[in-house]
Amino acid sequence: MTEPVVATGLGRVRGRDVGGVAAFKGIPYAAAPQGPLRLRPPVPASAWDGVRDCGQFGCAPPQLAPAPGAPSAWRPGDGLDCLSLNVWSPDLGAAALPVMVWIHGGLWKHGAASMPQYDAATLARCGVVVVTVNYRVGFEGFGHLPSVADNRGLRDQIAALEWVQSNIAAFGGDPTNVTVFGQSAGAACIALLVGAPAAVGLFRRAIAQSIPAGCRTGIEAAVVTTTIARALGVAATWDGFAALTPEAILAVQDTPLRDRAAGMSAFSPVIDGDLVTGPAWAAIATGRDVDLICGYTHEEYRGLGPPPPPDVDLAAVAQAIGLPSAGADAYRRAYPRAGDAEVFTTILSDALVRIPTIRTAQAHAAAGGRTWLYDLAWSSPGLGAGHGLDIPLIFGTATSGYASRFLGTPPPAAFEPLSRQIRHAWTGFAATADPGWPQFDLTHHRTRIWDDPPLDAEDPLADSRRIWRTTRPPDHPPPSRTPSRRRCRSRR
């Protein structure tokens with residue numbers, strides 16, 4: 001079979017046929033961020049002669065392994081030429097198919113578009129052109145340096161969306177009908193881009209899956225940089241950091257997390273007054289012209305951290321995330337049938353993702369934007385309705401190693417019908433701005449409950465919303481270490 005070839009603005013690219021879908025991997029959308037371009041905003045890639053083979057993914061951005069014993073998506077020999085994207089098209093000869101651009105998550109310090117759970121062939125077969133994007137993470141993408149633009153990872157995403165505007169028609173896509181979608185840190189990035197003047201006109205719809213709390217002020221980001229610079233023995237400047245190898249920075253980039261209150265990641269978007277003006281629920285209010293789906297998994301914390309100890313101190317947990325001292329008792333009253341372990345999961349699911357996501361929906365709707373909210377309540381056999389369950393459901397990647405943590409092997413029978421329904425909703429929204437359930441409003445808080453079977457409900461988290469009514473979720477995800485009554489007594 002003849003391999004598909006497409007002409008882009010920088011040169012021709014050769015892809016592969018994957019079961020009737022043309023897949024192009026590792027297409028550069030910006031120059032390699034190395035040498036004088038290191039730790040700088042992205043600049044356009046150079047053109048090439050002939051046909052560039054795009055049958056393999058480009059290298060991941062520099063990062064550590066996501067967990068002890070797990071493989072890293074990046075190795076030192078891979079280098080820095082990581083600003084590439086991948087395109088899956090169901091019909092290269094088609095005119096004006098809807099386009100969906102995926103922004104992965106990973107605590108702003110992990111992740112790559114090459115990960116098997118993001119294989120977009122199944123999603124593309126639903127009649128959309130899918131683009132998945134690499135962007136810089138960790139210090140390379142979100143570290144603060146004096147006199148250097150902040151939020152390089154976000155700026156990479158904007159550069160990729162500009163590439164889509166210029167080139168996606170050649171792959172059968174409609175540049176005037178682009179939907180960005182992403183999960184976790186990727187969802188927060190999307191919410192910020194919806195409200196960013198620099199991204200106006202680059203997409204018309206957005207799907208933000210599990211929006212976390214996460215933003216740092218310039219002062220907070222400068223403290224992170226100073227701590228890392230001190231560990232490296234260099235000046236906290238561009239000259240000091242640009243002279244180092246990525247692996248040298250990676251070796252110490254988690255140093256700020258030694259402070260128990262620092263959270264799970266030293267990095268997040270920086271409020272620079274330009275690209276980022278505040279947290280997601282504040283920034284998105286200026287993006288009312290972009291249609292928005294947002295939502296959460298019902299048990300977010302189950303995919304984020306370890307289970308609580310048997311003697312978990314709920315009052316200490318509530319205090320650690322900024323709730324008043326009576327917060328734990330308020331949760332017990334709101335969820336009287338739940339034991340302490342379930343209440344613990346509910347508290348942290350709310351603080352980390354569910355309340356930030358609901359507030360984002362509220363802010364967008366209050367500004368006049370068309371908004372839809374969902375709650376993924378279907379319980380997988382591995383991690384229940386934990387953070388990240390939406391990824392195999394949306395991409396239809398039930399057999400990846402990532403998916404097996406949730407689904408086991410083989411996946412349960414209910415997985416495939418639910419996956420088809422959610423993919424149909426996502427691609428229907430990308431095509432027509434109608435996901436198939438009632439629109440969210442500030443009076444009824446209508447929410448799609450994705451379960452077996454799906455149903456629609458009014459304000460399913462009303463009790464949690466009341467508890468958080470006067471409290472803002474923490475700006476940085478709290479650490480995974482959980483207070484127990486025993487540990488709290490030992491400190492007294």
- Flagged in the range 394-420 as assigned to a helix (DSSP H, G or I) and surrounded by fewer than 19 Cβ atoms within 10 Å (Cβ to Cβ), in numbering order, are Gly401, Tyr402, Ser404, Arg405, Glu416, Pro417, Leu418, Arg420
- Options Arg448, Arg423: the member that is in contact with a strand residue (DSSP E or B) (Cβ under 7 Å, 6 or more places away or on another chain), among the basic types (Lys, Arg), within 30 Å of Ala285 (Cβ to Cβ) and surrounded by 14 or more Cβ atoms within 10 Å (Cβ to Cβ): Arg448
- Query: Considering the range 45-71 alone, what residues qualify as being surrounded by fewer than 17 Cβ atoms within 10 Å (Cβ to Cβ) and closer than 22 Å to Ile27 by Cα?
  - Reply: Ser46, Ala47, Trp48, Asp49, Gly50, Val51, Asp53, Gly55, Gln56
- Query: Looking at the range 325-343, is at least one residue in contact (Cβ under 8 Å) with a residue 12 or more places away in the chain, touching a Lys or Arg at 6+ places or on another chain (Cβ under 7 Å) and under 24 Å from Ala366 (Cβ atoms)?
  - Reply: no
- Taking the range 453-481 only, how many residues are in a loop (DSSP other than H, G, I, E, B), touching a strand residue (DSSP E or B) at 6+ places or on another chain (Cβ under 9 Å) and modelled with pLDDT of 95 or more? 4
- Query: Pick from the range 336-351 the residues that are crowded, with 23+ Cβ neighbours inside 10 Å and among the hydrophobic types (A, V, I, L, M, F, W, C): which of them is farthest from the chain's Cα centre (by Cα)?
  - Reply: Phe344
- Task: Please go through the range 221-262 and pick out each residue that is more than 19 Å from Leu154 (Cβ to Cβ) and assigned to a loop (DSSP other than H, G, I, E, B).
- Result: Gly233, Val234, Ala235, Ala236, Thr237, Ala243, Leu244, Thr245, Ala251, Val252, Asp254, Asp259
- Item | Residue among Asp91, Asp81, Asp119 that is of a type in the set (Asp, Glu), farther than 30 Å from Leu39 by Cα and out of contact with any Asp or Glu (no Cβ under 8 Å at 6 or more places or on another chain) | Asp91
- Quick one: in the range 365-393, which of the residues that are touching a strand residue (DSSP E or B) at 6+ places or on another chain (Cβ under 6 Å) and part of a strand (DSSP E or B) is surrounded by the fewest Cβ atoms within 10 Å (Cβ to Cβ)? Asp375
- Note on the structure: In the range 83-114, anything surrounded by 21 or more Cβ atoms within 10 Å (Cβ to Cβ), hydrophobic (A, V, I, L, M, F, W, C) and assigned to a loop (DSSP other than H, G, I, E, B) is listed as Leu83, Leu107, Trp108, Ala112, Ala113
- Message: Among the residues of the range 75-82, are any under 20 Å from the mean Cα position of the chain (by Cα), touching a residue at least 60 places away in the same chain (Cβ under 8 Å) and buried (at least 19 other Cβ atoms within 10 Å of the Cβ)?
- Response: no
- Item | Pairs where the first residue, in the range 448-467, is on the phi > 0 side of the Ramachandran plot and the second is part of a loop (DSSP other than H, G, I, E, B), C-beta under 8 Å, 6+ apart | Asp459/His444; Asp459/His445
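Per-residue answers, yes or no, for (1) more than 16 Å from the chain's Cα centre (by Cα); (2) surrounded by fewer than 23 Cβ atoms within 10 Å (Cβ to Cβ); (3) of a type in the set (Phe, Trp, Tyr):
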site: Trp238; (1), (2), (3): yes, yes, yes
site: Pro256; (1), (2), (3): yes, yes, no
site: Phe267; (1), (2), (3): no, no, yes
site: Ala280; (1), (2), (3): no, no, no
site: Thr286; (1), (2), (3): yes, yes, no
site: Asp289; (1), (2), (3): yes, yes, no
site: Thr297; (1), (2), (3): no, no, no
site: Glu300; (1), (2), (3): no, no, no
- Quick one: would you say Ala60 is in contact (Cβ under 8 Å) with a residue 24 or more places away in the chain and under 20 Å from the mean Cα position of the chain (by Cα)? yes
- Query: Are any residues in the range 15-35 free of Cβ contacts under 8 Å to residues at least 40 places away in the same chain and either surrounded by 13 or more Cβ atoms within 10 Å (Cβ to Cβ) or not charged (D, E, K, R) (or both), and if so, which ones?
  - Reply: Arg16, Gly35
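The values are calculated or read from the model by the stated rules, or taken from the named source; none is laboratory data. From a predicted model like this one, the values you see are computed outputs, not experimental measurements. Counting neighbours? That spans all protein chains shown, and the Cβs are built from the backbone with ideal geometry, glycine included.
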